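Data block below; observations after.
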Amino acid sequence: MLYTATMPGGPMTFAEFFTFDGGRIASLNLHYSGPEYIEKGGR
């Protein structure tokens, strides 16, 4: 899933990758730029 979130310092794009097992989410990996996240107000 690719989405844009509204951060205090402006919009930022995130990507999430899921794997499923037995109809349930087995793993989730979130990808984003760490320096950009901090720059835009993340902690």
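Yes or no: region 32-39 includes at least one residue that is in a strand (DSSP E or B) and exposed (fewer than 10 other Cβ atoms within 10 Å of the Cβ).
Taking region 32-39 first, the residues in a strand (DSSP E or B) are none.
So far as region 32-39 goes, no, none of its residues is in a strand (DSSP E or B) and exposed (fewer than 10 other Cβ atoms within 10 Å of the Cβ).
Taking Ala5 as the residue in question, decide whether it is modelled with pLDDT of 95 or more and in contact with a His (Cβ under 7 Å, 6 or more places away or on another chain). Steps first, please.
Details: modelled with pLDDT of 95 or more: yes; in contact with a His (Cβ under 7 Å, 6 or more places away or on another chain): no.
No.
State all residues of region 12-33 that are of a type in the set (Asp, Glu) and farther than 10 Å from Met1 by Cα; if no residue qualifies, say none. Show your work before the answer.
Filtering region 12-33 down to residues of a type in the set (Asp, Glu) leaves 16, 21.
Hit for region 12-33 is Asp21, nothing else.
The values are calculated or read from the model by the stated rules, or taken from the named source; none is laboratory data. Quick caveat, the model's predicted, so the values are computed rather than measured. Don't worry about glycine lacking a Cβ; one is built from the backbone with ideal geometry, like all the others, and counts go over all protein chains shown.
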